[in-house]
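Since the structure comes first, as structure tokens, the remarks are kept for the end.
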Amino acid sequence: MIGTYLSFVGEAFAIALSPQGLLCMVLSTFVGLIFGMLPGLTSTMAVALLTGLTYHFDGSLAILSLLAIYIGAISGGNQSAILLNIPGTPASAATAMDGYPLALKGRAGHAIFCATGASFFGTIISIVCVAFFTPILTVFALKFMSHEMFLLAVFGVVICGNITSNGDPLKGWLSGFIGLLMSQVGMDTIYSYRRFTFGNINLSAGITLLPVMIGLFGFPEVIKAFGAQKAKMQKNTKYSIREGLRDLRRNWLNILRSGILGMIMGAIPGVGEDTGGWISYWSEKKASKHPEEFGKGCIDGVIAAETGNNSAIGGAIIPVLSLAIPGSTSAAVLLAAFWMHGYRPGPLLMNETPEFLYYIVVFMVLSSICMWLLAMLIAKFSVKVLSVDAKTLMPIVFICCVIGSFVTSNRLFDIKIMFVFGLLGIIMSYLHIPGAPFLLGIILGNMADENLRRALLLTHGDVSIFFTRPISIFFMLLIAYMILIQLPFYKRWKENRKAKKKA
Amino acid sequence: MSEEKNTRPDARCGAEFLAGAVCWVLSIYVMFKAITFWKEDYVEEFYYSSGLMPMIIGIALFIISISYLIRTLKEHPLKECLSDVKNFAVELVKSKYVHKAIIGLIIMGIYIYLFLGNTPFWIGTFITLSALLLFMNWSKPMSIKNIAKFLLISACGTAAIIIVFEVIFRVPLP
């Protein structure tokens with residue numbers, strides 16, 4: 001048994017350290033770092049674009065490239081957050097809180113070194129959790145029956161709507177259910193009956209995920225460039241390795257706590273890296289003996305935020321591998337990529353393709369090492385990269401979006417889908433309606449539909465199955481709780497209770 | 001930056017009211033179509049027909065959109081919402097950022113709906129990149145040097161995209 005697992009690990013190393021593998025990993029990490037650095041280019045966009053571009057690659061090389069670009073993109077955001085006070089990706093928003101003040105004090109290089117080191121350690125912590133928790137969760141997931149898979153899908157959409165909507169869950173749920181509706185377009189999975197196709201043969205195949213993702217998340221950023229202003233940049237990126245390592249060593253508890261918190265945040269569907277960063281930052285501030293220093297250039301804050309956002313990467317991958325439910329939007333794209341290359345994440349992963357988990361673990365470890373080395377090498381040049389104007393870059397990004405939408409199915413129709421959903425993304429962005437629940441709805445919609453109808457077919461329409469098994473009762477109560485805590489009368493009751501306690 | 005802030009409209013009760021109303025209409029349509037799917041797919045029982053999930057989604061959207069509308073109308077009376085829609089439309093028309101964004105979207109739309117598939121990729125891409133770069137970076141007065149710079153960036157960008165994607169990665173281009 002252990003011999004088999006070791007052979008899987010050996011295979012993964014052989015793939016990653018082959019000339020092709022090394023080239024893919026280094027290039028992808030580098031491109032990911034650039035994507036992460038440049039404001040307006042997100043990790044989701046990077047992974048989505050590369051998914052299309054690696055469509056014709058060998059499966060394991062494609063997965064290696066995608067993981068490398070994902071890790072690079074999440075880590076790369078810290079450089080623009082520190083030098084420009086503009087997070088390169090939403091995940092680095094918390095890093096800017098203390099990173100930029102440090103840069104103003106002439107310590108940008110030190111901040112970048114510690115941030116990159118923290119990113120590395122955060123990713124490693126989450127990889128350990130992936131290796132440990134995924135097989136456990138997979139065993140648990142095998143106990144799920146069809147109606148419980150349906151409830152899991154609904155739970156994913158509801159909790160994602162709760163958490164990503166900045167205190168306005170109605171908008172999150174609206175987004176999620178419209179996403180579920182979009183997933184119903186095309187032939188249904190049981191009878192192949194055409195739904196919402198309006199006689200269009202292209203819509204019979206359904207709405208492809210990748211063009212929707214690129215449109216929803218890429219387009220608003222391209223449009224924002226029309227109003228973009230050039231930001232002031234700090235240019236001093238010198239650092240001392242000894243001092244950086246000393247600060248990282250001093251913050252070992254901070255790194256451990258932020259790593260675990262970030263991993264948990266990443267594992268919750270739809271939450272992702274940006275929440276992981278903020279929760280870790282907040283937690284370190286609470287635990288610190290000098291919380292008043294946070295926001296004024298405290299290196300502990302930078303380390304906490306970067307550890308948290310990077311550990312969310314592994315956290316987001318855990319439910320992808322064990323339940324086929326993405327923990328973040330980038331993980332959602334990864335899930336689509338896994339399917340495209342013939343891997344079936346989910347409860348049967350450890351039975352059908354047990355080597356896949358070990359490939360993921362090894363690829364992530366090597367990509368993290370590659371990221372740390374590359375990030376330190378290019379820190380001196382990131383100043384030049386960051387001085388590229390968004391107005392010059394975004395038109396090229398738009399063309400890459402077009403190509404990325406086209407490559408999966410070689411259909412011009414997919415590019416049109418990308419454009420239409422891009423317009424929808426702009427409207428949603430304006431109305432502050434989050435896109436993550438929408439994406440989750442599209443991903444989980446067919447799973448929910450198929451499992452619900454299968455469950456009811458087997459029981460001849462008897463809905464009592466939802467109330468007889470502990471797992472389904474648990475999910476029903478959880479969904480009810482998620483909805484209840486957002487209702488006005490409950491919030492009022494809670495506020496009255498708080499006021500009574502204070503009085 | 002301050003000029004943008006004054007003319008760029010923020011999401012407001014009018015927009016929220018419109019969004020809620022559109023979602024409500026959508027939910028009614030979805031529920032109606034769900035029944036149509038059930039009638040047309042030759043399945044007797046609704047609980048395993050193609051209309052089940054759309055009906056569930058339609059009902060959920062109906063409840064959410066009604067709650068959204070009620071909440072918006074509680075905070076801002078209907079008259080205020082409707083006049084806000086009017087003000088919102090006027091500000092949209094006046095906003096320079098919106099004008100720029102719409103023209104940019106038109107350029108992108110022309111590329112996607114007219115150029116792609118009807119002209120060679122490199123021609124359509126070069127024209128679109130040039131148009132977008134010149135438009136986004138337009139400043140008065142625009143010197144010949146700057147125009148040449150952006151045309152050169154477009155040409156290099158188009159060439160780089162074709163070399164990287166078509167030649168190196170062997171990715172088919174539209």
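For segment B:23-125, the calculated P(r) over all alpha carbon pairs, in 10 Å bins from 0 to the bin holding the longest distance, is 13, 19, 19, 27, 19, 2 percent.
Where the centre of each part is set by its Cα atoms, how far does segment A:115-162 sit from segment A:253-302, in angstrom? With segment A:115-162 and segment A:253-302 each reduced to a Cα centre, they are spaced 19 Å. Just the protein heavy atoms count here, and of the accessible area of segment B:30-174 at 1.4 Å, carbon and sulfur take up 72 percent. Ordered from largest to smallest accessible area (heavy atoms of protein chains, 1.4 Å probe), the residues B:His99, A:His147, B:His76 come out as B:His99, B:His76, A:His147.
Would segment A:61-182 count as rounded, prolate or oblate if I go by the C-alpha gyration tensor, calling it rounded below 1.5 in a/c and otherwise prolate when a/b exceeds b/c, oblate otherwise?
Working: a/c = 2.80, a/b = 1.60, b/c = 1.75.
Cα axes put segment A:61-182 in the oblate bin.
The slack in the chain from A:Leu17 to A:Phe198, taken as 0.36 nm per residue of separation less the alpha-carbon distance, amounts to 60.2 nm. Here is how the number arises for the protein assembly as shown: DSSP H runs of 4 or more residues each give -39500 (n - 2.57), the sum is divided by the residue count, and the result at 222 nm is -24500 deg cm²/dmol.
The relative contact order of segment A:268-365 comes to 28 percent, based on Cα pairs under 8 Å that sit 6 or more residues apart. When the alpha-carbon atoms of segment A:2-468 are used, the pair Rg, Dmax equals 21.5, 70 angstrom. A cut-off of 5 Å between modelled amide H atoms, ignoring neighbours fewer than 5 places along the same chain, links B:Gly51 with B:Trp38. Ignoring everything but the protein chains, give the 1.4 Å probe accessible area of B:Tyr47 in square angstrom, nearest 10. That residue has around 50 Å² of solvent-accessible surface. In this structure, the amide hydrogen of A:Met187, modeled 1.01 Å from its nitrogen in the peptide plane, lies closer than 5 angstrom to those of A:Arg195, A:Gly206, counting only residues at least 5 positions away or on a different chain. When all alpha carbon pairs of segment B:96-168 are counted in 10 Å bins from zero, the resulting P(r) reads 19, 44, 31, 6, 0 %. Taking every protein chain into account, the 1.4 Å probe leaves A:Tyr358 with about 40 Å² of accessible area, to the nearest ten. Karplus-based coupling profile of segment B:55-67, in residue order and whole Hz: 5, 4, 5, x, 5, 4, 5, 4, 5, 5, 5, 5, 4, with θ = phi - 60° in 6.51 cos²θ - 1.76 cosθ + 1.60 and x standing for Gly or Pro.
Listed here are the pairs A:Lys224/B:Lys79; A:Lys224/B:Lys96; A:Lys491/B:Lys79; A:Lys105/A:Lys285; B:Lys79/B:Lys100; which of them are more than 23 Å apart at the Cα? The answer is A:Lys224/B:Lys79; A:Lys491/B:Lys79; B:Lys79/B:Lys100.
Each listed q (0.09 Å⁻¹) maps to a log10 I(q)/I(0) for chain B, found by the Debye formula over equal Cα scatterers with no solvent: -0.64.
Measuring heavy-atom accessible area with a 1.4 angstrom probe and counting protein chains only, the residues of segment B:34-50 that give up at least 40 Å² relative to the chain alone are B:Phe37, B:Tyr47, B:Tyr48, B:Ser50. Residue by residue along B:108-119, Cβ atoms of other protein chains within 10 Å of the local Cβ number 3 on average.
Could you tell me the total accessible area buried at the A-B interface, probe 1.4 Å, in square angstrom to the nearest hundred?
5600 Å²
3J(HN,Hα) couplings calculated from phi for segment A:475-487 with the Karplus curve 6.51 cos²θ - 1.76 cosθ + 1.60 (θ = phi - 60°) are, in sequence order, 5, 4, 5, 5, 5, 4, 5, 4, 6, 4, 5, 9, 6 Hz; Gly and Pro show x. Solvent-accessible area per residue in chain A equals 38 Å², computed with a 1.4 angstrom probe and all protein chains kept. Residues B:Trp38, A:Trp282, ordered by accessible area of protein heavy atoms at a 1.4 angstrom probe radius and largest first, appear as A:Trp282, B:Trp38. Taking all protein chains into account, the per residue accessible area for chain B stands at 56 Å² (1.4 Å probe).
Here B:Val93 sits with roughly 100 square angstrom of accessible surface, probe radius 1.4 Å. Accessible area per residue (1.4 Å probe, heavy atoms of protein chains only) ranks A:Ile279, A:Ile318 as A:Ile279, A:Ile318, with the largest value leading. Sequentially through segment A:441-448, phi angles give Karplus couplings (6.51, -1.76, 1.60; θ = phi - 60°) of x, 5, 5, 8, x, 5, 4, 5 Hz, Gly and Pro residues having no value and appearing as x. Under the simplified labelling scheme, the A:His432-B:Asn146 pair shows an inter-label distance of 3.6 nm, with each label point 7 Å from Cα along Cα→Cβ. Aspartates and glutamates near A:Lys286 by alpha-carbon distance under 18 Å, same-chain residues fewer than 8 away left out - which ones? Partners within reach: A:Asp98, A:Asp300, A:Glu306. Dipole magnitude for the protein assembly as shown: about 2180 debye, using +1 per Lys or Arg Cβ and -1 per Asp or Glu Cβ, origin at the Cα centre. Rounded, prolate or oblate: which one fits segment A:394-503, using the alpha carbon gyration tensor with axes a ≥ b ≥ c (rounded when a/c is under 1.5, else prolate when a/b beats b/c, else oblate)? Oblate is the answer for segment A:394-503, as a/c is 1.5 or above yet b/c matches or exceeds a/b. The H on the amide N of A:Ile325, modeled in the peptide plane, is under 5 Å from the matching H of A:Val320, each at least 5 residues off or on a different chain.
The values are calculated or read from the model by the stated rules, or taken from the named source; none is laboratory data. On a predicted model such as this, the values are computed, not experimentally measured, just so you know. Virtual Cβ from ideal backbone geometry, glycine too; neighbours counted across all protein chains shown. Just the protein is used for accessible areas: all its heavy atoms, side chains included, with ligands, DNA and RNA removed. Shrake-Rupley method; radii C 1.70, N 1.55, O 1.52, S 1.80 Å.
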